[in-house]
Amino acid sequence: MGMLTDFLMSTGFVGVAWQNVVMILFGCLFIYLAINKGFEPLLLLPIGFGLIVGNIPIPESMSGGEEGMFFVNIYQGVKQGIYPPLIFLGVGAMTDFTPMLSNPKLVLLGAAAQFGIFTTLIGALFIGFTPQQAGAIGIIGGADGPTAIFLSSMLAPELLGSIAIAAYSYMSLVPVIQPPIMRLLTSKEERLIRMEVSRQVSKREKIIFPIVGFLVCTLIAPGSMVLIGCLFFGNILKESMVTERLANTARNAMIDILTILLGFSIGANTLAVNFLTPQSIGIFVMGATAFALATASGVLFAKFLNLFSKKKINPLVGAAGVSAVPNSARVVNKVGLEADPTNYLLMHAMAPNVAGVVGSAIAAGVLLSVLGH
C-alpha cells in the first residue's frame, strides 16, 4: 500500500491546478488554429504542443535538478538571444529586396509602421511598466517574433515568455486583425488604386544593397548590429549566387531546426504560474494595441503621401509595413483583390513588408541602446 500511495502521489494528477488546465487548453487552441485554420502552423504548432508539455506538473524528485532539465537547456538559446539572430540569417537568405529597391518611396511605409512600437512604449510607461519592460512590450507592434524575443531577453527577461507568446500570437492572427483596420481606414476608391509596375533592379544593386544597408543601419542604431548583420549576411549569401549551398542551408534546414527549437522551448517554459497574471494579460492587451497602431500608421501614412505625390499609392500597401513577412503582404493582396479581382498588390506590398523587417530591427536597436544601460 505504501508503494501504491507513493506512485499515486508521483502522478501529475496530484499537482495539477486550474492554471495548468487553462494553459493546456491554450496549447490545444494553438494547435487547432495551426491545423484547422492554417494560422502560422510552423510557429503555433511547436508553441502549442510546448505549452501542453510544459504545464504537466512534475514532482521535484523526478526533475533531476533544474540545470539537467532538457527544456531548460534548449531554452538557453532563447534566454541568451542566440536563436533570433540565426533566424534572421535564414530570413535574409530567403528575402528578395527587389520590390523595395525598385520603389524606394515605399520604404517610408515600413518606417511609418514602427510608430505603433513607440506609441505603445509610452502607454506601457504610463500604466506602470519600467522603461525596459515598456520597450520590450512595444516591439510586439512590429509583428516580428524573433526581434521581440531578442529585445525582451536583453531588456526584460522576466517577461520573455509572455512577450514571445503575444508576439507570435499576433503574427499568426495577421489575416484576422489587419483586414478590418484596412477597410475601416480606406475608401472603395482608394482600394481600387492601381500602382505602376516597378523598375528592373540589377544584380549589382542587389549585391551592394546588403553591404550599404548594414553600414547605414548599424551606424544609425549600433544596437541593431546583431540582427541586421545576420539579416544582410544571409541576403548577400543569396544574392551573390556563389554560395548557393550556404544560402539554401540557411533558408531551409537551419531555419527549420531553429523554428522547432524556438517554438517548442518557448511553449515548454511558459508556465501557468508566470503566465496567468494581470501583468501578462496587460502585455497581451498592449501588444494588440501596438499591432493595431502599426497597421493603422502604415495605411494613414500612405494616404498622407498621396496628398503630395502624382503617382498614387494604394493605401492598403501601407498595412504591410509590419514585419510579418510575407503574411502581411498576402493579406494586402487579398483585400485588394476583393475590391478589384485584377489588381494584384503583392509585389508592391512586399516593399514595405521587407522594409518593416529592417525597421523593426532598427527600432529594437534604438531601444536597446537607449534602455539597455
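The values are calculated or read from the model by the stated rules, or taken from the named source; none is laboratory data. What you are looking at is a predicted structure, and each value in this text was computed from that prediction instead of being measured. Every residue, glycine as well, gets a Cβ built from its backbone with ideal geometry; the counts of neighbours run over all protein chains shown.
Figures for the structure shown
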item	result
Filter result (in a helix (DSSP H, G or I) and buried (at least 24 other Cβ atoms within 10 Å of the Cβ)) within region 332-357	VAL332, GLY336, HIS348, ALA349, MET350, ALA351, PRO352, ASN353, VAL354, ALA355, GLY356, VAL357
So ASN235, is it touching a residue at least 40 places away in the same chain (Cβ under 8 Å), in contact with a Pro (Cβ under 7 Å, 6 or more places away or on another chain) and assigned to a helix (DSSP H, G or I)	yes
Selection within region 145-160 - of a type in the set (A, V, I, L, M, F, W, C) and over 14 Å from ILE283 (Cα atoms)	PHE150, LEU151, MET154, LEU155
Tally, over region 113-128, of residues that are in contact (Cβ under 8 Å) with a residue 40 or more places away in the chain and not in a helix (DSSP H, G or I)	3
Residue list for region 246-280, filter: part of a helix (DSSP H, G or I), among the β-branched types (Val, Ile, Thr) and buried (at least 18 other Cβ atoms within 10 Å of the Cβ)	ILE255, THR259, ILE266
Test result for PHE97, touching a residue at least 40 places away in the same chain (Cβ under 8 Å) and crowded, with 24+ Cβ neighbours inside 10 Å	yes
Matching residues, region 95-129, being β-branched (Val, Ile, Thr), out of contact with any Ser or Thr (no Cβ under 7 Å at 6 or more places or on another chain) and at pLDDT below 90	VAL107, ILE117, THR119, ILE122, ILE127
Test: ILE362 is buried (at least 20 other Cβ atoms within 10 Å of the Cβ) and part of a helix (DSSP H, G or I)	yes
Condition broken by PRO104, with the remaining ones in (1) closer than 30 Å to MET241 by Cα; (2) free of Cβ contacts under 8 Å to residues at least 60 places away in the same chain; (3) within 16 Å of the chain's Cα centre (by Cα) satisfied	(3)
Hits in region 214-252 - residues which are small (Gly, Ala, Ser) and under 21 Å from the mean Cα position of the chain (by Cα)	ALA221, GLY223, SER224, GLY229, GLY234, ALA250
Test: residue in region 176-184 that is of a type outside the set (A, V, I, L, M) and more than 22 Å from ALA355 (Cα to Cα)	yes
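One line per residue, one yes/no per condition, for (1) surrounded by 14 or more Cβ atoms within 10 Å (Cβ to Cβ); (2) without any contact (Cβ under 8 Å) to a residue 40 or more places away in the chain; (3) not hydroxyl-bearing (Ser, Thr, Tyr):
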site	(1), (2), (3)
GLU190	yes, no, yes
SER198	yes, no, no
VAL201	yes, no, yes
GLU239	yes, yes, yes
GLU244	no, yes, yes
GLY282	yes, no, yes
